[in-house]
Each structure stands twice: as structure tokens, then as C-alpha cells.
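Q: Let me begin by handing over the structure; questions about it come next.
The values are calculated or read from the model by the stated rules, or taken from the named source; none is laboratory data. Treat the numbers as computed from the prediction; the structure is a model and nothing was measured. When we count neighbours, we look across all protein chains shown, and the Cβ atoms used for this are built from the backbone with ideal geometry, even at glycine. Please note that ligands, DNA and RNA were not included when accessible areas were found on the heavy atoms of the full protein model with its side chains. Shrake-Rupley method; radii C 1.70, N 1.55, O 1.52, S 1.80 Å.
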Amino acid sequence: MTATLTHTEENYLKAIYKANEKTKEAVSTNMIAQYMNTSPASVTDMMKKLSTKGLIIYERYKGSRLSSEGSKSATSVIRKHRLWETFLVQKLGFSWEKVHDIAEELEHIHSEELINRLDDYLGFPKYDPHGDPIPSADGKFTLREQIIVSQLNIGEVGVLVGVKNHETSFLDHLNKCHISLGTSIAILDKSSFDKSLQVHIDNDHQILLTHEVSKNLLVRKS
């Protein structure tokens, strides 16, 4: 078993995991620096440290990828983060735009028994309040068919199941548009100029979704 990691080490492992979800390859030092909002030199120092602990496979000039043990540690942090977000929304009444920063602190609690009991208390949820899959105790994710809303054709309808952007400003914008998980989005028209979408929300009102917004909305075809 890996020794208890520092908060910073866990954050780096999580950053590599999330970056790798996009690249599917070794993650560059510059990409990790962007995720962590730090300098490439600081990243290099941490990569050497994590490599020594057997948590990553680091090759100079090529990048970093998680080892099997590193992947387990990153998945554990992600599991805790998403379970805490779910708890905050479902049991304490927080709105989805307010839970990320709180969960960032709670995800570093190391009690496995506490997290397993939390999972049981919540009824073993498969997805968090932003629609992201919650890893099970053995590190497995429940995946589903979903597409970006802009992939729908005119006349098609999708139900919002997730968002790719968790920033408070973005979620606040969705709140103002009366868009949340479970919202029905019907495509009325598409602009070839700026890729904006004219949509019908919950058969109630029409709005214009910019490309910046629509590229972050994940839906299941209705």
C-alpha cells in the first residue's frame, strides 16, 4: 500500500488523471502546470517525487502517466470528491454551483471507512450533481451513452445528463437559463456562422445557446 499522500501530491495525481482523459497519452509538463496553476519547474520537481514513490511513470521530454498505484490513488480522490458533492447537494441543500470548492477540501479526508459509509448512506449513487460518474469502492465507473448537445440535429431532443465545465460562473449562467440536470433541450435551429443553437427548454421557453455554452452540455437523446 502507498503511504499517506499530501494534499498537493493527491492534487497532482488528480490533475494527471483528468488531463489524460483528454489526451489519452502521456501528459506534458506544461499541461499539468496549467491544471495546477503553477510553474513547469515546480511540476518537474513533483513528477520526480511521484516517480520515486512509484505513482507515475515520468519520462523527460515525453511527459507523465499514472502507474497502476497512482491511478488507484487518483480514482480514490475523485470518488471522495464526487461523493461529497452529492452529499452536499442531496442532504445539505447546496446548489450545484457551490459544492466544488468545498469538496476540494473534503476529498483529502483519508478515512476509507467514512467514505464507504457515506456511499452507503447516499444509496451508492452512480453520478454526482454535475453528471460525472462516481467510482465505486473498487474503482469502477458506470458509463453511459451521451453526446454534446450540438451533435443533435434540428428537431431532435436531448436531456441534460452532465456538464463539462464546473466553474461557478458557468453554472450560474445555466441557472439563469433555467438549465439543470434533467432539463429537456430541443434543437430548433443551428447557426453555421457562430455555431450557436436556438433551443426550446423544457417545452417552456426558447433561448440561444452560444457555442461556448453548448460545447459543455452533455445530453442523452430523448
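Q: Can you find even one residue in the range 186-205 that is within 21 Å of the chain's Cα centre (by Cα), of a type in the set (D, E) and outside the structural domain of Y35 (by TED's automatic domain parsing)? I'd like the intermediate steps shown before the answer.
A: Going residue by residue through the range 186-205, those that are within 21 Å of the chain's Cα centre (by Cα) are none.
Within the range 186-205, none of the residues are within 21 Å of the chain's Cα centre (by Cα), of a type in the set (D, E) and outside the structural domain of Y35 (by TED's automatic domain parsing).
Q: Do any residues in the range 170-183 that are on the phi < 0 side of the Ramachandran plot have Cβ atoms under 8 Å from those of residues that are open to solvent by 60 Å² or more (accessible area, probe 1.4 Å) and not in a helix (DSSP H, G or I), where the two are at least six apart or on different chains, and which pairs are they?
A: T183/D202
Q: Residues G93, G123, G54: which one is on the phi > 0 side of the Ramachandran plot, touching a residue at least 12 places away in the same chain (Cβ under 8 Å), in a loop (DSSP other than H, G, I, E, B) and surrounded by fewer than 20 Cβ atoms within 10 Å (Cβ to Cβ)?
A: Details: G93 fails: touching a residue at least 12 places away in the same chain (Cβ under 8 Å); G123 fails: touching a residue at least 12 places away in the same chain (Cβ under 8 Å).
The unique qualifying residue is G54.
Q: Separate question: Sort out which residues of the range 148-195 are exposed (fewer than 12 other Cβ atoms within 10 Å of the Cβ) and polar (S, T, N, Q), and write them in order of number.
A: Selection gives N153, S169, S192.
Q: Quick check, is S28 open to solvent by 40 Å² or more (accessible area, probe 1.4 Å) and over 21 Å from the mean Cα position of the chain (by Cα)?
A: Working: open to solvent by 40 Å² or more (accessible area, probe 1.4 Å): yes; over 21 Å from the mean Cα position of the chain (by Cα): no.
Against the criterion (open to solvent by 40 Å² or more (accessible area, probe 1.4 Å) and over 21 Å from the mean Cα position of the chain (by Cα)), S28 does not qualify.
Q: While we're looking at this one, here's another question. Is there a residue in the range 21-42 that is under 17 Å from D132 (Cα atoms) and either of a type in the set (F, W, Y) or out of contact with any helix residue (DSSP H, G or I) (no Cβ under 7 Å at 6 or more places or on another chain) (or both)?
A: Yes, the range 21-42 contains a residue that is under 17 Å from D132 (Cα atoms) and either of a type in the set (F, W, Y) or out of contact with any helix residue (DSSP H, G or I) (no Cβ under 7 Å at 6 or more places or on another chain) (or both).
Q: In this structure, is R220 farther than 30 Å from T4 by Cα, in a loop (DSSP other than H, G, I, E, B), basic (K, R) and touching a residue at least 24 places away in the same chain (Cβ under 8 Å)? Let's see the steps before the verdict.
A: Details: farther than 30 Å from T4 by Cα: yes; in a loop (DSSP other than H, G, I, E, B): no; basic (K, R): yes; touching a residue at least 24 places away in the same chain (Cβ under 8 Å): yes.
It is false that R220 is farther than 30 Å from T4 by Cα, in a loop (DSSP other than H, G, I, E, B), basic (K, R) and touching a residue at least 24 places away in the same chain (Cβ under 8 Å).
Q: Can you find even one residue in the range 197-208 that is in contact with a Cys (Cβ under 8 Å, 6 or more places away or on another chain) and at pLDDT 95 or above?
A: Yes: one or more hits.
Q: Please verify whether the range 6-17 includes one or more residues that are of a type in the set (G, A, S), within 26 Å of P129 (Cα to Cα) and part of a loop (DSSP other than H, G, I, E, B).
A: For the range 6-17, residues of a type in the set (G, A, S), within 26 Å of P129 (Cα to Cα) and part of a loop (DSSP other than H, G, I, E, B): absent.
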